[in-house]
Amino acid sequence: NAGVTQTPKFQVLKTGQSMTLQCAQDMNHEYMSWYRQDPGMGLRLIHYSVGAGITDQGEVPNGYNVSRSTTEDFPLRLLSAAPSQTSVYFCASSKGLTNTEAFFGQGTRLTVV
Amino acid sequence: AQSVTQLGSHVSVSEGALVLLRCNYSSSVPPYLFWYVQYPNQGLQLLLKYTSAATLVKGINGFEAEFKKSETSFHLTKPSAHMSDAAEYFCAVSDRSRSDIAGNQFYFGTGTSLTVIP
């Protein structure tokens, strides 16, 4: 089973460039989310979605956009990359019930120079 | 809002020694509680979860955690550390009291890095 697949695994951007981090899941999960992981800060929620066409902001949404056109895909867009967005990004999915676990992708390590 | 506190950002134990990683939550209604492990350059993997069926929860790789409502804690333990346990461990909660969208959100602690000394 593929689970949650993120691409790319690594990326270097110049300040001001834009890019899209891809996330796909094959478990028919309703709930998908994006986190960023920074040293000493744990994982912080950027955006989440509870189904196709429905997205909302998390704790740190500024500088990021999302859309959910299908159940399977939940891309994260950086509109104009900044050094502060250097981080490891994780996509996660879950069935949408509060007591179910979240399944995580392998992460995307992004460096903005 | 939910919050999670993990005491000790770094814990070192000798191989074969007891592992104890601490997690406290702040919520008037006990949340759903999870422990995740992250090995270097990998994503997060579920170790165990508490959903109110039993206060002592057993997980994978010999780990277990005990939910203590009076202490608002969910500490992770393993009787005997193995070299392969070296990783980052995250405690997370989701809001049991919410049946709407917000109940699906996970709140993570800042993580505890476990080092196992041979």
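The set of residues in region B:31-66 being of a type in the set (A, V, I, L, M, F, W, C), under 23 Å from B:Val13 (Cβ atoms) and within 13 Å of another protein chain (Cβ to nearest Cβ) consists of B:Leu33, B:Phe34, B:Trp35, B:Val37, B:Leu44, B:Leu46, B:Leu47, B:Leu48, B:Val57, B:Ile60. Residues that are more than 16 Å from the chain's Cα centre (by Cα) and small (Gly, Ala, Ser) within region A:2-38 comprise A:Ala2, A:Gly16, listed in sequence order. Restricting A:Arg68, A:Arg36 to residues that are within 12 Å of chain B (Cβ to nearest Cβ), touching a strand residue (DSSP E or B) at 6+ places or on another chain (Cβ under 8 Å) and at pLDDT 95 or above narrows the list to A:Arg36. Checked against the criteria, A:Pro61 does not count as surrounded by fewer than 19 Cβ atoms within 10 Å (Cβ to Cβ) and in contact (Cβ under 8 Å) with a residue 24 or more places away in the chain. Would you check if there is a residue in region B:79-94 being within 14 Å of chain A (Cβ to nearest Cβ), touching a strand residue (DSSP E or B) at 6+ places or on another chain (Cβ under 9 Å) and of a type in the set (Ser, Thr, Tyr)? Within region B:79-94, one or more residues are within 14 Å of chain A (Cβ to nearest Cβ), touching a strand residue (DSSP E or B) at 6+ places or on another chain (Cβ under 9 Å) and of a type in the set (Ser, Thr, Tyr). When region A:33-54 is examined, which residues are found to be among the β-branched types (Val, Ile, Thr) and buried (at least 17 other Cβ atoms within 10 Å of the Cβ)? Residues satisfying the conditions are A:Ile46, A:Val50. Taking region B:1-62 and the strands (runs of 3 or more DSSP E) fully enclosed by it, the elements with 2 or more residues that are touching a residue at least 24 places away in the same chain (Cβ under 8 Å) are at B:3-5, B:10-14, B:19-21, B:24-26, B:32-38, B:44-50.
The values are calculated or read from the model by the stated rules, or taken from the named source; none is laboratory data. Note that the structure is predicted; figures quoted are calculated from it, not measured. When we count neighbours, we look across all protein chains shown, and the Cβ atoms used for this are built from the backbone with ideal geometry, even at glycine.
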